[in-house]
1. Filter the trypsin sites (Lys or Arg not before Pro) in segment 25-126 to those in DSSP coil with at most 10 other Cβ atoms within 10 Å of their Cβ, and list the result.
2. Apply 1/(1 + (r/R0)^6) to the Cβ-Cβ distance of Asn299 and Asp445, taking R0 = 41 Å, and write down the FRET efficiency to the nearest 0.05.
3. Under 5 Å between amide hydrogens, which residues at least 5 positions from Gly95 or on another chain qualify, with H placed 1.01 Å from N in the peptide plane?
4. At 0.36 nm per residue, minus the direct Cα-Cα distance, what do Glu202 and His32 gain on full extension? Give it in nm, one decimal, please.
5. Return one number: the angle in degrees, 0 to 90 and rounded to the nearest 10, between the long axis of the Cα atoms of helix 408-423 and the longest principal axis of the Cα atoms of the chain.
6. Please compute the modelled spin-label separation between Lys17 and Glu392, points set 7 Å along Cα→Cβ, answer in nm with one decimal.
7. For the residue pair Leu121 and Lys399, what label-to-label distance in nm results when each label sits 7 Å from Cα along the Cα-to-beta-carbon direction?
8. Let me make sure I get this right: for segment 317-426, a, b and c are the square roots of the gyration tensor eigenvalues over alpha carbons, sorted descending. Under 1.5 in a/c it's rounded, otherwise prolate if a/b > b/c, else oblate. Which is it?
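Only the coordinates and a few stated rules stand behind these numbers; no lab work does. Here the structure is a predicted model, which means the values were calculated and not measured. Glycine gets a Cβ as well: all are built from the backbone with ideal geometry, and neighbour counts include every protein chain shown.
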Amino acid sequence: MIAMKNQKLIEEFKRCKKDPSYFMSNYVKVIHPTRGLVNFDLYPFQQNIVSDLQQHRFNILRKFRQGGCTTIASAYALWLTVFHKHKTVAILSKGDVESTEVLERIRLMYEELPSFLKPKLEESNKHTLKFGTGSVIRSRPSGKQSGRSLSASLLIVDEAAFIDNIGIIWAAAYPIISTGGAAFILSTVNGVGNWFYKIYNEAVAGLNTFNYMDINWPEHPEYSRVEGYEWLYEDMLNQDPPLNVDDWATVTKANMPLKQWLQEYECEFLGTGETFIDGEILKQLVDNQNEEYYIKYNNRMRVWEDPKSYYEYVIGADVALGRNRDYSAFHIINRYNGEQVAEFYSNKTPINEFAEIIAREASLYNVAHVVVERNTIGNNLIDSLYRVLEYENLWMEDKQDFGIQTTSKNRDIMLTKLEEFIRLNKIKLNSKRTIDELLAFIINDSGKTQAEKNHNDDLVMSLAFTVHVLDSLQQTYPVELTNNPHSDNKEKLIPPISRGIIPVHSYGGITKEDIKWLMK
């Protein structure tokens with residue numbers, strides 16, 4: 001009898017080791033917010049997450065709030081270390097409170113295991129659990145140097161979108177797990193432009209090796225009625241106060257701002273509210289970015305449209321030293337329809353070469369208007385363009401000085417004008433590089449607009465210079481269109497950037513004025 005019982009326990013042990021979902025649903029206990037200590041009986045969407053963790057080395061999960069995903073990560077860490085020898089799981093959380101709470105959750109799971117599944121606990125403290133299998137779980141708060149100490153068979157990063165310096169941490173941790181380790185990155189969304197947003201979207205586009213996972217709140221039986229869970233709904237109605245699953249979405253939406261609902265439950269990447277450009281507008285920019293371009297100068301320049309003889313163009317440039325720090329950047333914008341037709345971006349281009357490229361491209365684009373920020377080394381660029389290359393169409397300020405002298409006052413004015421042009425669709429941005437900078441261009445706590453940590457703003461500022469000239473030209477010089485090859489067909493050009501211009505008849509983009517006054 002004893003031998004038979006022992007054999008059944010051995011078989012059950014083997015089954016738990018083979019199938020983490022079975023182990024979790026039958027032997028792991030968790031604290032439910034209303035039902036207390038319960039078995040962690042996985043819902044179907046949670047079983048899918050566990051399955052993906054087994055099948056893929058690198059996983060990234062975009063989750064809704066209270067989906068039990070941190071609990072899944074905790075239970076998976078326990079399964080790996082209980083049933084496998086000499087494994088190390090490193091869990092990285094936003095702060096010390098969060099990292100301690102995760103380990104307490106795992107400790108409870110361990111303590112509630114039956115004895116035949118419970119290895120000896122050799123070390124237990126605030127941040128570490130070490131088992132007799134030689135395996136260990138370490139839960140740590142995030143910090144700039146966290147990645148260098150995260151030697152692990154499995155790295156779990158919880159709420160990655162909320163961790164400062166996560167890009168630096170990942171860069172330090174990746175070499176440690178690259179030779180065979182695995183990673184599970186999970187988070188609710190937290191705006192756009194951050195590391196989690198970037199890695200998730202690259203995974204969706206197939207640009208990295210992460211397996212991306214999406215879960216939706218209607219998949220959760222406690223949030224939306226799912227067939228087969230009638231026992232659960234009866235139990236919810238018997239609670240005090242009673243809970244009706246059919247009312248959950250209506251009640252939850254009513255108790256939070258729409259934007260919070262969209263981010264925390266619909267998992268929509270929106271601006272956090274601190275982005276310089278409104279989140280909805282940023283989402284539209286991302287949706288409409290154009291990947292159909294050709295490259296020049298070893299991918300430093302991307303071109304969406306070659307120059308057309310009947311258009312004028314404006315080039316706005318921001319210069320850097322070309323020593324792997326800030327970037328030298330310029331945009332070429334069609335003066336008539338505001339379309340970004342080309343973009344240059346490089347942190348390895350010396351000033352003299354940058355000047356040559358600008359002069360060459362500006363000449364190609366019908367002797368475009370060229371505006372350069374003349375602060376510090378910008379004067380060197382202007383000098384190269386004017387004195388050495390003798391470029392003839394450099395923008396001058398009212399005081400007849402070449403370029404723009406940026407101050408804190410006119411910087412805010414130019415950025416405000418940039419926001420207006422984007423919001424009112426006065427310019428059309430094609431470049432993912434430019435849009436990515438806008439995603440990370442924020443208003444900080446003191447009210448200053450700037451790039452987020454570990455991001456650049458060179459494309460944003462050079463675009464602001466370009467818009468400044470576009471706006472000034474519109475107010476100063478009339479728009480004239482000549483030699484339009486489309487005049488004999490029905491193709492209509494996008495109207496030029498205008499400010500209070502009375503609409504008149506247009507043929508293929510050539511304006512026909514009302515000249516009846518000449519007959520009087």
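1. Lys120, Lys126
2. Rounded to the nearest 0.05, the efficiency is 0.65.
3. Excluding prolines and chain starts, which carry no amide H, the hits are Ser142.
4. Gain on stretching Glu202 to His32: 57.7 nm.
5. 80 degrees
6. Placing both labels 7 Å beyond Cα along the Cβ direction yields 8.3 nm.
7. The two pseudo-label positions are separated by 7.2 nm.
8. It is rounded, given that a/c, with a ≥ b ≥ c, falls under 1.5.
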